[in-house]
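Written below as structure tokens is the structure these notes are about.
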Amino acid sequence: MTRRFFVDPATLARDDVTIDGDLAHRLAKVLRLRPGADIALFDGSGHEATVRIDRVDDHVVHAGVIERYDGPSEPRVRLSLYQSITKGERFEWLLEKGTEIGVARFVPLIAARAVVTTKGESNRAQRWRRIVVEAAEQCGRASVPEIGEPVRFDAAIASAPGVLLLPYEAAGDIAPSVQSALNADIDALFALSEVSVFIGPEGGFEPSEVAAAEAAGAAVVTMGERVLRSETAGLVAATLVMQAVGELG
């Protein structure tokens, strides 16, 4: 299988392709690709190309386009996942797996009970970006998910697009499931073509946050009787949305 790599759109504007920076280092020094090797490049616009490496210099890889084609289609419903920031590698795991199943945008959420540190925030954002790029390369997506700036819950619930869902561990037996909530709002779902899901921190949402979400038009939903870790809840909710809109199987 031909390896896929994400590049800036300008890279694919010509048939003679020049690759530099970190990707050139990966190709030349890490993967040790040599002239004659074929790789696939995509730029997030839905277009891809197979290129053949012509020359490998110290910091630049030169290649030529041998075929252009449309990449795989993205989900017809755009999913924004407002995920409370979790500790250590758990958030990064969610970014990787969420990218694989079709999340279009991740927004780090700062809820009332969240424990958030700002130390190394710039480096953290760069690392998050690299994770979703590599996940998109691996899983065959045509575009790379966006990663928004961290946002507080009140600002997020006021500006989130599309149909709004808030899974809540204390929602109770009468709360709808993700599937039934989307079915109840099916006309809006496909008219807006967007869903925003809000996932609480380890301590859960404050009741005042749940009330604010309901006031903003969000459906408070249940994902069953078991209490999930924050990152598990994010992935499960995203999977249920993708299943409900016909993107999984």
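Quick one: in the stretch 220-232, of everything that is touching a Phe, Trp or Tyr at 6+ places or on another chain (Cβ under 8 Å) and surrounded by 20 or more Cβ atoms within 10 Å (Cβ to Cβ), which residue is farthest from residue 157 (Cα to Cα)? Across the stretch 220-232, the extreme among qualifying residues is 231.
One residue stands out among those in the stretch 40-65 that are β-branched (Val, Ile, Thr) and touching a helix residue (DSSP H, G or I) at 6+ places or on another chain (Cβ under 7 Å): the one that is nearest to residue 140 (Cα to Cα), which is 61.
The set of residues from the stretch 33-59 being exposed (fewer than 13 other Cβ atoms within 10 Å of the Cβ) and charged (D, E, K, R) comprises 34, 55, 57, 58. In the stretch 1-52, the qualifying residues are those that are charged (D, E, K, R) and closer than 17 Å to residue 133 by Cβ, and the one that is farthest from the chain's Cα centre (by Cα) is 20.
Are any residues in the stretch 1-20 under 11 Å from residue 49 (Cα atoms) and assigned to a helix (DSSP H, G or I), and if so, which ones? If the condition is that a residue be under 11 Å from residue 49 (Cα atoms) and assigned to a helix (DSSP H, G or I), then 11, 12 are the ones that fit. Looking only at the stretch 193-219, filter to residues that are part of a strand (DSSP E or B) and out of contact with any helix residue (DSSP H, G or I) (no Cβ under 6 Å at 6 or more places or on another chain); which one of those is surrounded by the most Cβ atoms within 10 Å (Cβ to Cβ)? Among those residues, the one meeting the criterion is 198.
When residue 235 is tested against the conditions (1) within 22 Å of residue 88 (Cβ to Cβ); (2) under 22 Å from the mean Cα position of the chain (by Cα); (3) exposed (fewer than 14 other Cβ atoms within 10 Å of the Cβ), the lone failure is (3). Selection of first residues in the stretch 54-82 that are under 15 Å from residue 101 (Cβ atoms) and of second residues that are among the basic types (Lys, Arg) and surrounded by 11 or more Cβ atoms within 10 Å (Cβ to Cβ), restricted to Cβ pairs under 8 Å at least 6 apart or on distinct chains, gives the following pairs, ordered by first then second residue: 72/141; 74/141; 78/105; 79/105; 80/105; 81/105. Those helices (runs of 4 or more DSSP H) of the stretch 109-192 in which at least 2 residues are surrounded by 13 or more Cβ atoms within 10 Å (Cβ to Cβ) and in contact with a Pro (Cβ under 8 Å, 6 or more places away or on another chain), considering only elements entirely within it, cover 121-139, 178-184. Does residue 43 satisfy the criteria of being acidic (Asp, Glu) and closer than 30 Å to residue 162 by Cβ? It is true that residue 43 is acidic (Asp, Glu) and closer than 30 Å to residue 162 by Cβ.
Going through the stretch 220-235 one residue at a time, which ones are in a helix (DSSP H, G or I) and without any contact (Cβ under 8 Å) to a residue 60 or more places away in the chain? Within the stretch 220-235, 232 is the sole residue that qualifies. Once the stretch 102-124 is narrowed to residues that are closer than 17 Å to residue 152 by Cβ and among the aliphatic types (A, V, I, L, M), the residue that is modelled with the lowest pLDDT is 116. Evaluating residue 89 against the criteria (1) within 18 Å of the chain's Cα centre (by Cα); (2) in contact (Cβ under 8 Å) with a residue 24 or more places away in the chain leaves one unmet condition, (2).
The values are calculated or read from the model by the stated rules, or taken from the named source; none is laboratory data. It should be emphasised that the depicted structure is a prediction, and the values quoted were computed from it without experimental measurement. Glycine gets a Cβ as well: all are built from the backbone with ideal geometry, and neighbour counts include every protein chain shown.
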